[in-house]
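Bear in mind that the values in this text are calculations on the coordinates, not laboratory data. Values in this document were obtained by computation on a predicted structure and should not be read as measured data. Glycine gets a Cβ as well: all are built from the backbone with ideal geometry, and neighbour counts include every protein chain shown.
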Amino acid sequence: MRVLICGAGRVGHGIARRLAREKHDITIIDEDPELVDQVSTDLDVRGYTGHAAHPDVLKRAGAADCEMIIAVTHFDEINMVICQIAHTLFSVPFKIARVRDQSYIDPAWKNIFSREGLPIDMVISPEVEVGEAILQRLRTPGAIMSATFGRGKVRLLGLEITDNNPLLDTAVDQIRGLFPDLSARIIGIGSGDTVRAPKGSDVLKPGDRAYIAVLDSHAERLTSIFNRNVERSDHIVIVGGGNVGLYVAQTLERESNKRIRLIENDPERANIAVAGVKRSIVIQGDGLNPDILTEAGASKADFVVAITNDDKTNLLISNLAKRAGAKRTLALVNATELAGLARDMRVDAVLDPRALTVSQILLRMRRGRILGLQSLEDGQAEVAEGVTLESSSLIGKPTGYDDLPDGVTAAAIVRGDNVIIAGPETVVRTEDRLIVFYEDEMVRKVEKFFRVSPDFF
C-alpha cells in the first residue's frame with residue numbers, strides 16, 4: 001500500500017518504521033529537514049521537506065497516487081486541513097488524523113468527523129489511548145501489558161515469569177489441567193529479544209514474558225497466581241500533569257476512592273490540574289526531586305506512573321521511586337532503545353504510546369473482517385480478533401496448540417454472547433469471532449483466515 005505520512009516526529013517516525021518493515025511504500029513529509037533526513041536515512045523511505053498542508057507539497061510527495069494519508073503533525077488543525085485537501089484535491093481513499101484536543105472528539109460534536117463534516121476516516125487520539133492503557137495496567141497490577149478483545153469479555157495480559165512462579169517448567173498444554181476452573185490460555189512467549197507462538201510442549205522459564213488470554217472476570221485471579229505478592233493499587237502517584245495525567249486522575253476519581261497525588265513541574269499546567277480534579281492532591285514541583293517524591297508519598301505508593309514528555313526523565317523518576325520503596329512503577333517511553341533499559345533500572349512496566357497508535361492504523365490496513373488488533377513487542381507479533389467467514393480455511397478445525405499453522409495460536413472464540421477459551425476440543429464455526437496470536441511473518445496467512453476466498457464464488 002502507498003502511504004503518505006505527514007509529520008516526522010516520534011509518532012510519524014514510529015508509524016513509518018513499522019509500515020516500512022511490512023514493505024509498504026512509504027513517503028514522509030515534515031518542515032524540519034533534519035527530521036526528514038533522519039527518517040529517510042534510518043528507514044530507507046522517501047522524504048520531502050515542506051508544509052504538509054500546502055497543496056503543492058502534497059502533490060510533489062505523491063498524494064494523487066497514495067492510498068492512505070496519515071496526518072500526525074503537532075497541530076490538530078493542520079492535521080484536519082491536510083485530510084481535507086487530500087480528499088478534495090487528490091481523492092485519497094483513506095485519511096487518518098491525529099487529534100489531541102479532547103474538545104474536538106467530545107460526543108456533543110460527533111458530527112465534525114461525519115460524512116457531512118470533515119472527510120476524516122479515522123481519528124487518532126494518543127492521549128486517550130495512552131490514558132486508557134495506563135488505567136488497564138492499574139486495574140491489573142503485576143501485568144506488563146493489558147488489552148481487551150471480544151467486546152471487553154476477553155483480556156490479553158502480559159506477565160513476567162519470576163523465579164518462584166508456580167508454572168515454571170510446566171508444559172503450556174498442561175496448565176489448564178492444573179487450574180481447571182480458570183478460563184485462561186498462554187498464547188505467546190517472549191524470551192530475550194524474541195517472541196513466539198508456543199507449541200503444546202513448550203515450558204515457561206524465569207525471565208520469560210507470557211502473553212495470556214483470560215476471561216475478563218478471571219483476570220484478577222490470574223495475576224494473583226502469576227504474581228503472588230501483588231497487592232491492590234490504592235495509593236497512586238502520577239508524575240506529569242499534562243493531558244494524559246489529568247485524564248488518568250479524573251477517571252480514577254470517578255471509578256474509585258484511590259488516593260491520588262499528581263506532580264507537575266510547570267506552574268500553569270499545575271493550576272489547570274488543580275482546577276480539573278476534585279479529590280486528588282496536586283503538587284507543583286520537579287518529579288526528579290526526592291523531596292517532591294517524598295511529599296507525594298512515593299515511598300509508600302502502590303503505583304508510581306511517570307508520564308512526562310521526556311523518556312529519560314520518566315525512567316529516572318521510576319527508578320528513584322522504586323529505590324524509595326514504591327511497590328510498582330510504570331514509565332512512558334517512546335524510544336525503543338531506551339525501553340530496553342527499563343529492566344536494568346528496576347522499572348516494572350514500560351508503555352510505548354507509538355505502539356498504541358500503530359495498532360489502530362494496522363487494524364485499518366489489515367485485509368479481511370478483522371475487528372481488533374494489538375501489536376506486541378515492537379511489532380514482532382500481533383493479536384487480532386476476526387470473523388471467520390464461510391470460506392475460511394479454519395472452519396471445522398480444532399484450536400489446540402498444535403492444530404494451527406506454526407507461528408499462530410488460537411486464544412478464544414466469541415460465539416454470540418458466549419466466550420470459549422481455545423483448545424483441542426473447540427472447533428471453529430462460521431461467523432465466530434476468533435482471537436489469535438501470530439508472529440509477524442504470519443500476517444498475510446492470518447489475513448486469509450478472515451477473507452472471502454475467490455474460490456468460494
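Tabulated values for the structure
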{"item": "Cα-centred dipole magnitude for region 2-124, charges only on beta-carbon of K, R (+1) and D, E (-1), debye, nearest 20", "result": "360 debye"}
{"item": "Distance (nanometres) between label positions extended 7 Å along Cα→Cβ at ALA335 and MET122", "result": "2.8 nm"}
{"item": "Overall dimensions of region 235-327 as given by Cα atoms, namely Rg and Dmax in Å", "result": "11.7, 32"}
{"item": "P(r), alpha carbons of region 296-361 - 10 Å bins starting at zero, rounded %", "result": "25, 51, 20, 4"}
{"item": "Using θ = phi - 60° and Karplus 6.51 cos²θ - 1.76 cosθ + 1.60, couplings along region 235-250 (whole Hz; Gly, Pro as x)", "result": "10, 10, 10, 10, 9, x, x, x, 4, 5, x, 5, 4, 5, 4, 5"}
{"item": "Cα gyration tensor, region 1-160 - rounded (a/c under 1.5), prolate or oblate", "result": "oblate"}
{"item": "For q = 0.16, 0.19, 0.23, 0.24 Å⁻¹, Debye-computed log10 I/I(0) when each Cα of region 3-92 counts as one equal scatterer", "result": "-0.52, -0.74, -1.11, -1.20"}
{"item": "Rounded, prolate or oblate (a/c below 1.5 giving rounded, otherwise prolate when a/b exceeds b/c) for the chain by Cα gyration tensor", "result": "oblate"}
{"item": "Amide hydrogen neighbours beyond the local backbone of ILE124, cut-off 5 Å, H modeled", "result": "ALA97, ARG98, VAL99"}
{"item": "Region 212-263 - Debye-derived log10 I(q)/I(0), Cα point model, q = 0.24 Å⁻¹", "result": "-0.90"}
{"item": "Sequence-distant aspartates and glutamates (8 or more away, or on other chains) whose Cα lies within less than 16 Å of LYS327", "result": "GLU160, GLU231, ASP234, ASP302, ASP348"}
{"item": "For region 352-361, Karplus couplings with θ = phi - 60° (6.51, -1.76, 1.60), whole Hz, Gly/Pro x", "result": "9, x, 5, 4, 5, 5, 4, 4, 5, 5"}
{"item": "Stokes-Einstein diffusion coefficient of region 355-456, Kirkwood radius over Cα pairs, 25 °C, 0.890 mPa s, in µm²/s", "result": "181 µm²/s"}
{"item": "Trypsin sites (Lys or Arg not before Pro) within region 219-296: DSSP coil, no more than 12 neighbouring Cβ in 10 Å", "result": "ARG228, ARG232, LYS278, ARG279"}
{"item": "Members of LYS153/LYS312; LYS23/LYS205; LYS205/LYS300; LYS95/LYS397; LYS199/LYS445 lying beyond 28 Å, as alpha-carbon distances in this model show", "result": "LYS153/LYS312; LYS23/LYS205; LYS205/LYS300; LYS95/LYS397"}
{"item": "Value of Rg/Rh across region 386-444 [Cα atoms, Kirkwood radius]", "result": "0.93"}
{"item": "FRET efficiency, LEU135 to ASP44 (Cβ-Cβ, R0 60 Å, nearest 0.05)", "result": "0.95"}
{"item": "Length gained when the stretch ILE420-ARG60 is fully extended (0.36 nm per residue, less Cα-Cα span)", "result": "124.5 nm"}
{"item": "Computed [θ] at 222 nm, deg cm²/dmol, the chain (DSSP H ≥ 4; -39,500 (n - 2.57); rounded to nearest 500)", "result": "-8500 deg cm²/dmol"}
{"item": "Globularity ratio of region 146-226, using Cα Rg and 2.2 N^0.38 Å", "result": "1.02"}
{"item": "Karplus 3J(HN,Hα) series, Hz, for region 118-123 with 6.51 cos²θ - 1.76 cosθ + 1.60 (x for Gly, Pro)", "result": "6, x, 10, 7, 8, 9"}
{"item": "Distance between region 189-207 and region 216-290 - C-alpha centres, whole angstrom", "result": "33 Å"}
{"item": "The chain - share of DSSP beta bridges that are antiparallel (%, nearest 5)", "result": "55 percent"}
{"item": "Estimated FRET transfer efficiency when R0 is 30 angstrom, pair ARG279-HIS74 (beta carbons, to 0.05)", "result": "0.40"}
{"item": "Long-range amide H partners of GLY285 with built H, under 5 Å", "result": "GLU264, ASN265"}
